[in-house]
Structures are given as structure tokens and as C-alpha cells.
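Below you'll find the structure, written out as C-alpha cells, and then a few comments.
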Amino acid sequence: MNKSLLISLAIILLCFSSRLAALDVVFINPSVPGTAFWDRVSAVAKATANDLNINLTIVYGRDNRILHHQAVQEVVAYASKPDYVIMSAYGGNAEQQYKLLNDAKIPFVTLERTLHETEQRSIGLPQEKYSYWLGEIFHDNVYAGQLLGKELISAIQKKTPKQPYHFKAVGISGNFSGESDDRVKGFKASTKPYDFANNKRGGKTSSDVNIDVLQVVRAGWSRERSRSIIYRLSERYGNLNIVWAASDGMALGVIDAMNSGLSKISPESVVIGGIDWTKEGINKIKQGELTVSVGGHFMQTSWALIKIYDHKMGLAVFTKSANSKTYDLEAINQNNIDDFMPLADAVNWDKIDFKRFSRYQNPKLKQYQFSLKHVINSVKN
């Protein structure tokens, strides 16, 4: 065998072995261990990593802008840098974090769009200002908040026999992030056609439904804070008909307050909804205490890992200036609760073969099938 052929074979083997070697990926979980939603995100991510030969390290941003930034600094300072980083940006110092990762030449993928519009515009789109920012995995938070609002409006009309309708509504938002504020924008968009205060036609909408959004209060994603907030809101406004919450945890805080008698809200005349699809939230829908939960984004880190794997295997899955959402959230309510009950248990995510979502592993896939229906069906089987 001649020398040039040996060199060619060596190069091929080197490339092949580098692709087979386990990837080192760090996921900077923005929350703390013990948070229902983010614990599920991490659990699904671990199962996905196992299927794709990825060494996944999870570090925590601990729900704090400064601590989250410190986590990014620590990852960048690792003696052995990871092949990729997955993170959810924290408003206020996101540009510094992007620059840290970019200067360290660590490819990274971001989750959700958690920043306010001004900061998001300054950062730009993937691979523009920061070449190592490969892409985003995100859904439309305005759409999520609006979907939740529409579900609650529909539910309260079914629950209330008499017309015309005049409903009192309140919202409980998260923190000062763009993510939380976008969800609130969606809530307000869902109620705008029924806006009692600003309607010019004598207090009636064309559908004889009037909704008075009395107040939206921040609870910082805290279930405990939500309990005290709903107590104060019910003291101020009396009985309420619609309680929209930007997370399941805060919606469950409202239910806690009602069940303990710490509010003036009548369960017979109110609908309550949240976002996240937590196990407790799904069980509360089955029990009839929670009206609706919007979710599906617990899969976001898994989707990021799948695209990272395909990228490492040579597929062009991240596009410069890409600006399209990856997937939409969906609503669980009384009509479809039985389909989603498997998620109310401690799911063995290792039952799912996550390789089936990879385009490298399935060359016939021209587009990613990031469908929650496929995930739910796999959990059931």
C-alpha cells in the first residue's frame, strides 16, 4: 500500500473517530434543583444525551442574573472547554455572556427568547454579531400567553350559564424578563376584543362578552408569593372569574390560597390557568381544580441537543440570521386531559429513542419533527 493511500485512510479514520467520540455539552439550567419544570427539562435532556453519546454536564444559574453570569464565567474558565454550551440568556447582561462564550470560541445554542426587545435587537440574530452563537431553540411566548387567555375565556363562558357576560380578570406574571412580559402581552391580546373599560359601544362587545382586566401583578415565578398576591387581589376586587398565571407554579399558588380559605374567590365561578405542564398541574386539571395548562417547552434542551448532534455530524442545521420559531406550545384542558395523563407520572424518559428525531440518524427527514404528539405516544408505549 503506497504512502499517499495510507495518509488518506488515516485522515478518514481520524475524521470518523472524531465523530464517534462523545460530545461534551454543558447545559446552564437557569433555575435551581427542585424546580418542577426545570427538573423535567433536565431529565429529558439527560435521556437524550444518553441516546446520542453526549456527555452532558448541568450547572445552575440559580434564578439570579449575577449568579447566572458567574455560571457562564465558570464554564468559560474550564481547563477542558466543552464542545458546546446550551443556555437561556438572562436579561441585563446577556451581551456580556454571549461575548464571553464567543471570545472563548465555544459554540453555543440559546433557549427561548427571554430578553426584552431592545436587548434582543442589540444582540441580533445567530451568527451575525457572535459567530459562535449557532442558533436558537424557541417558541413564541406571546402566542403562549394568548393561547392560555383564549382557553380561559372559552372555559369561563361554558362555566357561566347567563348572558351577557361580564367577567373580572387578573393576571399573575413572573419576573422582569422579556419571556414573562411577552406572555402578559399575549394575555392582554386575548382579552382585548372583550375589553370592558375601553369599549366604545356602551359596554358591550359584539359577542356580549365583557372582560375587565383589573390588574397584572409580578410574583417572580414564586408559588408562595402568588398565594399572598391572590389573597390581596381578592380582598381588593372581591370574587374573580379569570386568573391567568404565567406559570403552573403560580397558578397552583392561587389554588392553594383558595383551598385554605385565604381568598374570597369562589371555585364555582372562576377558571385558573398556567404555563409549564408540570406533573402537579396536569393532575390538578384531571381533578378539576386547574382549568388549563399551556406547555411542551420542557423538550427545548432535548431539541437543542439533537440539533447539536446533527451539527457535529456535519449537517447544516444552524443557519445564519435564522429567525423562525422552532415549535409551538399546546394546551391541556378537560377535553384532552386523558391523552396527556402519562406526563403526570414520573416518566422514564429512557423509554424514548431520541435518535428517531435526528436528521443524521434518519436521512429521509428533510425537516425536524419536533412534535409533542410523537413524544407523548412514545411515553404511552
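Every number in this text was worked out from the coordinates using simple rules, so none of it is lab data. Values in this document were obtained by computation on a predicted structure and should not be read as measured data. When we count neighbours, we look across all protein chains shown, and the Cβ atoms used for this are built from the backbone with ideal geometry, even at glycine.
What ranking do His116, His374 get, fewest neighbouring Cβ atoms within 10 angstrom at the top? Write down the numbers at each step before the final one.
Details: His116 18, His374 13.
In order of increasing Cβ crowding within 10 Å: His374, His116.
Over all alpha-carbon pairs of the chain, lay out the pair-distance distribution in 20 Å bins, whole %, shortest bin first.
Per 20 Å bin, starting at zero, the Cα-Cα P(r) for the chain comes out as 27, 52, 18, 3, 0 percent.
Using every Cα-Cα pair within segment 63-150, state what percent have a distance larger than 15 Å. Don't skip to the answer; put the middle values down first.
Working: 2278 of 3828 pairs.
Everything past 15 Å amounts to 60 percent.
How much mean residue ellipticity at 222 nm does the chain get from its helices, if each DSSP H run of length 4 or more adds -39500 (n - 2.57) and you divide by all residues, to the nearest 500 deg cm²/dmol? Can you show the working numbers first?
Values: 13 runs with 158 residues, N = 381.
So the helix-based figure for the chain works out to -13000 deg cm²/dmol.
Relative to the Cα centre, what is the charge dipole magnitude of segment 291-381, using +1 at the beta carbon of each Lys and Arg, -1 at the beta carbon of each Asp and Glu, and rounding to the nearest 20 debye? Could the numbers behind the result be given before it?
Working: 12 positive and 8 negative charges, 126 e Å.
Approximately 600 debye in magnitude.
Compute log10 of I(q)/I(0) for segment 132-287 with the Debye formula, placing one identical point scatterer on every Cα and leaving out solvent, at q = 0.09, 0.15, 0.20 Å⁻¹, to two decimals.
These q points yield log10 I(q)/I(0) values of -0.28, -0.75, -1.30.
At a 10 Å Cβ-Cβ cut-off, how would you order Trp349, Trp221, fewest neighbours first?
Details: Trp349 20, Trp221 23.
By the 10 Å Cβ count, ascending: Trp349, Trp221.
Starting from the 7 Å offset along Cα-to-Cβ, what nm value, one decimal, do you get for the label separation of Ser324 and Asp208?
4.4
If we count other beta carbons within 10 Å of each Cβ, what is the order of Glu95, Glu136, fewest first? All intermediate terms of the calculation are to be shown ahead of the outcome.
Numbers: Glu95 15, Glu136 21.
With the sparsest Cβ surroundings first, the list reads Glu95, Glu136.
Place a +1 charge on the Cβ of each Lys and Arg in segment 142-295 and a -1 charge on the Cβ of each Asp and Glu, then give the dipole magnitude about the Cα centre in debye, rounded to the nearest 20. Write down the numbers at each step before the final one.
On the way: 22 positive and 15 negative charges, 85 e Å.
The dipole of segment 142-295 has a size of about 400 debye.
Report the relative contact order of the chain, percent, no decimals, based on alpha-carbon pairs under 8 angstrom and at least 6 residues apart.
On the way: 716 pairs, mean separation 63.3, N = 381.
Normalised by residue count, the contact order of the chain is 17 percent.
With unit charges on the beta carbons (Lys and Arg positive, Asp and Glu negative) and the dipole taken about the Cα centre of segment 142-295, which residue among Gly220, Gly273, Gly249 sits farthest to the positive side?
Gly273
So, with +1 on the Cβ of K and R and -1 on the Cβ of D and E, and no other charges, what is the size of the charge dipole of the chain about its Cα centre, to the nearest 20 debye? Intermediate values should be presented prior to the final figure.
Details: 46 positive and 37 negative charges, 122 e Å.
Rounded to the nearest 20 debye, it is 580 debye.
What is the sum of charges, Lys and Arg at +1 and Asp and Glu at -1, for the other residues whose Cβ falls under 14 Å from the Cβ of Lys81? Numbers along the way, then the final one.
Values: positive: Lys105; negative: Asp24, Glu74, Asp83, Asp103.
Neighbourhood net charge equals -3.
Pull up all non-local amide H partners of Gly61: gap of 5 or more, or a different chain, and H-to-H distance under 5 Å with H placed in the peptide plane.
Those qualifying (amide H under 5 Å, at least 5 residues apart or on another chain) are Asn29, Ser31.
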